[in-house]
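Data block below; observations after.
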Amino acid sequence: MNSLKVPFMKKSSTIFLQVVVVLIGIVALAIMIRFPLTEGRATNLDLFSIYADPFIIYGYLVSIAFFIALYQAFKLLGYIRQNKVFSLESVKSLRNIKYCAIVLSCLIVIAAIYIRVSFNGNADDDPAGFVAVSIVATFISIVVATAAAVFERTLQSAVEIKSENDFTV
């Protein structure tokens, strides 16, 4: 009886985590659609002008890396649920998550530098809030990239050991 519960618990927890990943993606997408409408500069603009803003477009382009990383996390959880954790597909998913986190952190730093430089002489705007959020987001991206790199190396070693054992048997 106990042996039946373990696979079910594993599958239900990975399904739960996949649902959480999908919900994170939906919330992020909703924020990306709604936030430009509530932003201070957008109060007197028409809908096209709001979404044609170069910084908003840059934000949407940067978010591609975020959504690719979410998709890779979803795939990785699917591999775990299928007991394919020690496979090259899992290693590839972790590698893609790492690369997406690195790209995301670099693009966030570029945006923070741009905002800091472009608002340097303007006394009406203070970019400190955006720069602070950028620092936190960059730190989170670096932590995710580091964790993915560690997991990738560990999983790659395990896959190599497993393939050596399968080859000798």
**Request:** Identify the residue in the range 72-93 that is over 21 Å from residue 166 (Cβ atoms) and touching a residue at least 24 places away in the same chain (Cβ under 8 Å) and, among all such residues, is surrounded by the most Cβ atoms within 10 Å (Cβ to Cβ).
**Result:** 73
**Request:** Search the range 13-56 for residues being in contact with a Pro (Cβ under 8 Å, 6 or more places away or on another chain) and β-branched (Val, Ile, Thr), and hand back the single one that is modelled with the lowest pLDDT.
**Result:** 50
**Prompt:** under 19 Å from the mean Cα position of the chain (by Cα), surrounded by 14 or more Cβ atoms within 10 Å (Cβ to Cβ) and at pLDDT below 95 - does that describe any residue in the range 114-129?
**Reply:** no
**Message:** Filter the range 75-109 down to the residues that are among the small types (Gly, Ala, Ser) and in a helix (DSSP H, G or I) and list them by number.
**Reply:** 78, 90, 93, 101, 105
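The values are calculated or read from the model by the stated rules, or taken from the named source; none is laboratory data. Predicted, not measured: the structure shown is a model, and the values here were computed from it. When we count neighbours, we look across all protein chains shown, and the Cβ atoms used for this are built from the backbone with ideal geometry, even at glycine.
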